[in-house]
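Here is the structure we will look at, set down as structure tokens.
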Amino acid sequence: MKPDRNTNLSNVNKNRERILSLLRSVDREGMDAFIASLDASDFFTAKGSYRHHNWKGGLAAHSLGVYDVARVLAPGENADSLIIAALLHDICKSHGRWPQEAGGHGYRSVKLAEGCGLKLSPQERRAIRWHMQHKRNVPDSDWQQARKERLRNAICMADSIDASSSWIVEHLQGCCSGR
Ligand SMILES: [Fe+2]
């Protein structure tokens, strides 16, 4: 739901603290440098998308939403991988510091994370890289492997669920405003 201004300010702080706490709980090569880069960017205040979570702090809220949904969809999945794949799947949408590149935002998010020195497992890398891919006939062996993996499928589904639910609420708010 789109929060009002006062609620949003507190949500930005709360979401930042929760995301940083989750990332710090992961013992992974390069995590400290990645966290420093993330905190120096506008990730925690950026809008999510022009279609959903289109408000200050929406990107971080969406990332946490994907994490919460993915945990339900994939019980027993590696906890560190769920945190990394969910929270990092859209990091390239943070525009303040990191450049945009061709290749789709999953691909760009992988490059940004690895560019900070963060070591991703092959499953995490594929979950982020292919989280937007819904077509089955892409002639890419990495995609063919990704579509079989529960982590990637959970992130893809959670992304759709969280984005869609936000879109519905924001659309209804827009339709009903002024009444
Ligand atoms: Fe997303």
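Highest GNM mean-square fluctuation among 169, 110, 12, for the chain modelled with Cα contacts below 10 Å: 169.
Multiplying the residue separation of residue 79 and residue 40 by 0.36 nm and removing their Cα-Cα distance gives an extension gain of 11.5 nm. Sorted on the mean count of surrounding Cβ atoms within 10 Å across their residues, most packed first, peptides 20-29, 158-167 read 158-167, 20-29.
Taken over the range 5-176, the convex hull of the Cα atoms encloses 116 Å³ per residue. With a cut-off of 17 Å on the backbone N, the residues of the range 69-84 near the modelled label site 7 Å out from residue 164 along Cα-Cβ are 69-74. Inter-label distance, residue 71 to residue 10: 2.1 nm, where each label sits 7 Å from its Cα along the C-beta direction. Within the listed set 36, 86, 46, the Gaussian network model of the chain (springs between alpha-carbon atoms below 10 Å) gives the highest mean-square fluctuation for 36. Each residue, residue 33 and residue 51, gets one label point 7 Å from its Cα in the Cβ direction; the gap between the two is 3.5 nm. If a paramagnetic tag sat 7 Å from the Cα of residue 119 along the Cα-Cβ line, which residues of the range 10-39 would have the backbone N under 15 Å from that point? Within reach of a label on residue 119: 26-34.
Looking at the range 5-176, how many pairs of lysines come closer than 28 Å at the Cα, when each pair is eight or more places apart or spans two chains? Final tally of qualifying lysine pairs is 22.
Of the chymotrypsin sites (Phe, Trp or Tyr not before Pro) in the range 1-85, the ones in a loop by DSSP (not H, G, I, E or B) with at most 13 other beta carbons within 10 Å are 50.
Just so you know, all these numbers are worked out from the coordinates, no wet-lab data involved. Since the model is a prediction, treat every value here as computed from it, not as a measurement. Glycine gets a Cβ as well: all are built from the backbone with ideal geometry, and neighbour counts include every protein chain shown.
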